[in-house]
Each structure stands twice: as C-alpha cells, then as structure tokens.
1. How high is the FRET efficiency between His98 and Ser289 when r is their beta carbon distance and R₀ equals 56 Å, given to the nearest 0.05?
2. May I ask you to rank Ser25, Ser156 by accessible area, largest first, using a 1.4 Å probe over the protein chains only?
3. Counting only heavy atoms of the protein chains, get the accessible area per residue of region 210-269 (1.4 Å probe) and round it to a whole Å² value.
4. Compute, for Tyr140, the solvent-accessible surface of its heavy atoms (probe 1.4 Å) with the complete set of protein chains present, and express it in square angstrom to the nearest 10.
5. Separation between the Ala132 and Phe304 pseudo-spin-labels, each 7 Å from Cα along Cα→Cβ, expressed in nm?
6. So how much accessible area does Phe205 have, in Å² to the nearest 10, using a 1.4 Å probe?
7. Extension gain Thr237-Leu89, at 0.36 nm per residue separation less the Cα-Cα distance, in nm?
8. For Asn230 paired with Thr15, estimate the spin-label separation in nm (one decimal), with each label point 7 Å from Cα along the Cα-to-Cβ line.
Amino acid sequence: MSGQSAAPAASNGITPLQQMVASCSGAILTSLFVTPLDVVKIRLQAQKNPFPKGKCFVYCNGLMDHICVCENGNSKAWYKAPGHFNGTLDAFIKIVRHEGIKALWSGLPPTLVMAVPATVIYFTCYDQLCAALRVRMGDYAQEAPLLAGAVARVGSATVISPLELIRTKLQSQKQSYRELTDCIRSAVQSEGWLSLWRGLGPTLFRDVPFSAMYWYNYEKGKSWLCERYNTREPTFTITFISGAVSGSIASIVTLPFDVVKTRRQLELGELQAKNLSCQVSSSTFSVMSRIVAQGGFSGLFAGFLPRLIKVAPACAVMISTYEFGKAFFRKHNQERILGPLTKHMVLHNAQH
C-alpha cells in the first residue's frame, strides 16, 4: 500500500467497523506494552523524591496521560511496596518478584476506559478522512495525511475532553459518582456547557501539530521504504520503523507544549486536591513564560529522553498492529468475495 494505492484500499477494501476493531486491538496492545514502563518510571521517581500529600504526578503510557494525586504521602498502589531499586531492570525484577507480575499493569484500567475509545475514534476518522481528501485534493494529495491527521485529532480530543475533566476530578477529589454528577451539574448551570471543555486549548496545541506531523512523516516514510525494498504492500517491519521514526520526530518538535500541558495538569490537580481556586493564569503562553523564568529555555524541553523512549515504541506498536489488522481484514474480505467465485468457476469448468 504505497502512497497512491492507500486511499482506495482504506475505503473499499475494509469497512469502518473493521477499522475500529483493528485500532481497538492496537490500543489494547500498546497499553499492555507501555504501561509497565511507566509504572517502573513512577516507582523510580517516588524513590528519589517521595510524593508528599496533595501532590500530583502524571502517568502517561504513550496513548494517554493520567493525573494521580497522593492522598497521604506514599500510599498508592503504584509505589507503596518496600525495596530499593538500582535502575530500570532491577525495578522490573524486584516488582515482579515481590508483588507479582500484575503490579506492572497497576495503571491499566483508566487507560483502557479512555484511551481505547479515543484511539478508535481517532484512527477511524483519520483513515476515512485521508481516503476522501486524497480523492478531492488532486495535485496536493501528498498533503492529505497532514490535514486528515490534524482534523481527526481535533475530533477525538473534543469528544474525549469532558471525560478527561471528569476523570481528573474523580482522581483528585475522590468523589463518588453521585457527588461528581452534582458537581458537573452545578458547573454547567453556573458556567455553561463549555466549562466541560476547559483545558482543551493546550491539549490541541500539543496534539494537533503532533498528529499532523506524525501522519505526514509516517505515510512518506512508509512509501519511501516500500519503494526502497521494492514491495507494494508494507511489511510489519516497514510500518514499525515508519511509526517509530515519525513518532520520535513529532514528539521532539511538540515537546514544549507537552511540558506546558503536564505543568497545567499538575497545577490544576493540586489546586483541586486542596480545594483552592486557580490564582495564577494558566494560559499556554503564561505557563510557558513561567517555565522559562524558572529554568531557562531548556525547561521547555524537560523530560526529553523519557518522552522519546515511551512515544517511539508506543507509536510503532500502535501503527504496526493497526496496519496488520487492516491487512488481515482486507485479505479476509477478498477471500469472502473471491471464494464463491472460484467455487463457481471450478464447477463450471467441471461441467464442461
């Protein structure tokens, strides 16, 4: 599926439902693969400087960010166990030995509840949009992934944003679902429905450029590797490498916005945990200037390596699983159409 043949294949060879199943399996696999890396990272962080009461930390597994608030110091399932870790590998071994293998996936449920629907909406929208845009854009068909990626991300982020807000409130204030419903109802009455989309701006600042760059570089890289290795259909290796490289480039370029979004999430979470209202401005620009004032321009690129180590494999696993799923369904659909035809031809030839 090189750049030119991708459009008809995506729209004709596979149904939207099959695209959803393929992206869903990709999201589940990515969550299963990357969650242990983040659990280990948080445990190592907590060991260096324990999280005090009311403080937050962000847990992110390549698909989704989660804000977690410490109720009474180090007592969460993530890092309550004793034991000193001497590094990543040592942490993996000791966690498995002392707490069982399940402890490596202690952040999985919230991811599956939110990341899977978000990913399904995002990938299915991207494929449908890209196929339609390639037909309509004519000479500019090469730029279709750029536009489709950006629009699909705006759509999925807008749909998921109220859920993000609800989840942050649940995690930071330990509210029951009834309290939460009352809280949302009063917020809507006093500030209107738009209050449910608070914080969408910084999310889009980070995710839309990431998405546009990711898909553009991914499609370019994939068709270049297909030409280089003289293959019409991309192999698992080609999609894996293209996904990892394009994910790395996009995550490096959008890192300052990621730092800003994380800082805002932490500030909001901590204010909510202490039941305070927001005194400082939390617009993207003001948070950026605060970071630069505190730690210079390099502060905007904090966490460069951990983000890269997580995003690159997450993108690679997600896209290669998704492409593999689509190829499987496409082949299945072709066999279903061709099966009866072949049977009919064999019978026809036998009769003559």
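The values are calculated or read from the model by the stated rules, or taken from the named source; none is laboratory data. Computed from a predicted structure; not experimentally measured. We place every Cβ from the backbone using ideal geometry, glycine too, and count neighbours over all the protein chains shown. Accessible surface areas use protein heavy atoms only, side chains included; no ligands, DNA or RNA. Shrake-Rupley method; radii C 1.70, N 1.55, O 1.52, S 1.80 Å.
1. Here the calculated transfer efficiency is 0.80.
2. Ser25, Ser156
3. 46 Å²
4. That residue has around 150 Å² of solvent-accessible surface.
5. Between Ala132 and Phe304, the label points sit 4.0 nm apart.
6. About 100 Å², ignoring ligands and nucleic acids.
7. 50.7 nm
8. Simple spin-label model gives 3.9 nm for this pair.
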